[in-house]
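Here is the structure we will look at.
What follows is calculated from the coordinates using simple rules that are stated; it is not laboratory data. The model shown is predicted, which means the values in this text are computed figures rather than measured ones. Please note: Cβ atoms are built from the backbone with ideal geometry, for glycine as well, and neighbour counts cover all protein chains shown.
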Amino acid sequence: MIDFHCHLDLYPDPHAVARECVSRNLYVLSVTNTPSAWRGSANLAPAGSRIRTALGLHPQIAAQRKGELPLFRELLGGVRYVGEIGLDGTPEYGSSWADQVRVFSEILQMCADAGGRVLSIHSRGAASDVLAQLDGYRRAGTPVLHWFSGTQRELTRAIDMGCWFSVGPAMLAGAKGRALAARMPRDRVLPESDGPFARLDGRPAVPWDVDATLRSLGDIWVEPIDEVRERLLGNLRHLVE
Ligand code: MN
């Protein structure tokens, strides 16, 4: 199956998680939080595996790591996926807002200049601002909004803009997340774990926790689980082809 947003490098034993992903034949988008973490994370993926490593600069540390933007530029030519990037509008990160916006818009400009990338995007408490930025950089690539938690109105705007969505067990456990997933275009949804940050049954989520997501989506969309699985695999093929 698929885990389209996972912090592989942040598990206590990332090599063991990578090995398990390989033995289960999982497609994994391994996102990173800083450009300086990219090479080490990419090295976790054995040759021939279906693990892809995205180049990122997480909004929650944009202020501290904005000095890594030149490294981001340097590495961008060699990657197809970018993430985790975006904006975090929760009060805790209010003091870094100006830096967040500058870093996010610079990255989107770089991606546009590079011909576009697949983008895994954080938008907690900032859905409207993220969408406004994306609207200004239409050539930056295909946005995949990870763990989207905006309003229904913001969801409509994201859908109209052509955004994709990656959804996980924690998001689909709540009524709000389920109501959002119900309205997402089914041909633009992918599963994610957001492990090890997201938790499931009191422990860090892992990429093979996807069954919980399949069950929830089957329930929300009123579709048999096998159909949901085939649909999501088809979506990934369509996104990356
Ligand atoms: Mn994440």
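Considering only alpha-carbon pairs that sit under 8 angstrom and 6 or more positions apart, the relative contact order computed for the chain is 18 percent.
Say R0 is 41 Å: what FRET efficiency, to the nearest 0.05, do ASP113 and THR156 get from their beta-carbon distance? Working shown, then result.
Numbers: r = 30 Å, r/R0 = 0.72.
Working from the Cβ atoms, E equals 0.85.
Per residue, the Cα convex hull of the chain amounts to 119 Å³. Neighbours of GLY89 by Cβ distance under 11 Å: Lys/Arg scored +1, Asp/Glu scored -1, total -2. Full extension of the segment from SER95 to HIS15, taken as 0.36 nm per residue of separation minus the current Cα-Cα distance, would add 25.2 nm.
Taking 0.36 nm per residue of sequence separation and subtracting the Cα-Cα distance, how much length would be gained by fully extending the chain between ARG73 and ARG139, in nm to one decimal? Working shown, then result.
On the way: separation 66, 0.36 × 66 = 23.76 nm, distance 1.65 nm.
Length gained, ARG73 through ARG139: 22.1 nm.
By DSSP, what percent of the beta bridges with both residues in the chain are antiparallel, rounded to the nearest 5? Here the share of antiparallel DSSP bridges comes out near 10 percent. With the simple spin-label model, which puts each label point 7 Å out from Cα in the Cβ direction, the GLN64 to ALA175 separation comes to 3.7 nm.
Between the C-alpha center of the stretch 31-83 and that of the stretch 222-238 there is a gap of 28 Å.
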